[in-house]
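One structure is given below, encoded as C-alpha cells.
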Amino acid sequence: MPAELRAQGAMEYLSTYGWALLVVLILILALFGIGLFTAPTSGSNCAATEDYSCSQLVLAKAGSDNISLSFVFGQNTGAPIFNIGMACSASATAGGLPNPASNTFAAQNTIVYLNSNGIATANGIAGGVGAVVDPLDMASGATITVSDLMCYDAAADAGGAVGLAITPTTAPVGSLFTGTIYMNYTVNGGAPTVASGSNPIYTVPVASITTRIA
C-alpha cells in the first residue's frame, strides 16, 4: 500500500476515534462537575468566631423523635461570663435568630440555658429574666462539652415564621445541616435582667456549623 494511502487511513482513524474519545472525556468531566462521583462529606465543620472555640461537633439522632447537638466549647474573651444559654438555628434572618427577651423553653428558636455541666435543659425563664437554676458560668480560657442542644430549621427565612426543631423525620441521618450557634450570657453573676436592668442579657453568634446528621 502506498505511503500516501497508509497516511490517509491513519488520519481517518485518528479523526473518527479522536472525536469519540473527546466526547467521552467531556461527558466524564460533566459528571464530575455535577458531583456524581463525589463522595458525601462525612466530616463536620465548626468555625468559631473571635474569642470562642468549637470542636468535636456531632449532630446526631437521639431516640426516635429528637436530634441533638454536642460540641466542645471554649471562651477566651478575657473575662468570665455567666448564665450561659445557647441555640442552634439554620435561619439567617433576624426573625429567626434566638431572642433573649423570650427565653422560655417552649418558644421556638429561643436560647435555652445550659446547666453547670453544659447540658441544655428545660430551665428557660419566662421573659428571659430571673434566677437561672444551676447556671453555667465560665472563666476565660475554660472549655466545656455542650450537649443535648436542639437545632432549628430555617422556616424563619420564609416570611418571618419561627423555626421548628429538626427531627429524624425532617432531617434524616446523612442529611446536611448548616447553621449558626448563638449564645446568651451576662457579664455578672446573679439573675439576668431586661436590657435596661443591672445585669442585661447579651446575644452573640459563637460558631458557624456544617455537618451531616449521624
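The values are calculated or read from the model by the stated rules, or taken from the named source; none is laboratory data. Remember, predicted model here, so these are calculated numbers, not experimental data. Quick reminder, even Gly has a Cβ in these numbers, built from the backbone with ideal geometry, and neighbours come from all protein chains shown.
Screening segment 124-149 for residues that are more than 26 Å from N76 (Cβ to Cβ) and of a type outside the set (V, I, T) and picking the one that is modelled with the highest pLDDT gives A131. When segment 59-90 is filtered for residues that are farther than 16 Å from T121 by Cβ and under 19 Å from the mean Cα position of the chain (by Cα), the ones remaining, listed by number, are L59, A60, K61, I67, F71, V72, G74, Q75, S89, A90.
For segment 43-68, a residue qualifies if it is over 28 Å from G141 (Cα atoms) and either modelled with pLDDT of 75 or more or not assigned by TED's automatic domain parsing to the domain that holds M138 (or both), and the qualifying residues are K61, A62, D65, N66, I67. Take the conditions (1) surrounded by fewer than 19 Cβ atoms within 10 Å (Cβ to Cβ); (2) modelled with pLDDT of 85 or more; (3) farther than 16 Å from I84 by Cβ; G159 misses just one of them, which is (2).
Selection within segment 185-194: residues that are of a type in the set (S, T, N, Q) and at pLDDT 85 or above. The member of this set that is farthest from I166 (Cα to Cα) is N188. Filtered by the rule that a residue be within 18 Å of S55 (Cβ to Cβ) and either surrounded by fewer than 19 Cβ atoms within 10 Å (Cβ to Cβ) or modelled with pLDDT under 85 (or both), segment 195-214 gives P205, S208, T210, R212, A214.
Considering only segment 164-214, how many residues are of a type in the set (F, W, Y) and free of Cβ contacts under 8 Å to residues at least 60 places away in the same chain? Counting residues in segment 164-214 that are of a type in the set (F, W, Y) and free of Cβ contacts under 8 Å to residues at least 60 places away in the same chain gives 0. Applying the criterion of being in a loop (DSSP other than H, G, I, E, B) and small (G, A, S) to the residues of segment 174-194, the residue that is surrounded by the most Cβ atoms within 10 Å (Cβ to Cβ) is A191.
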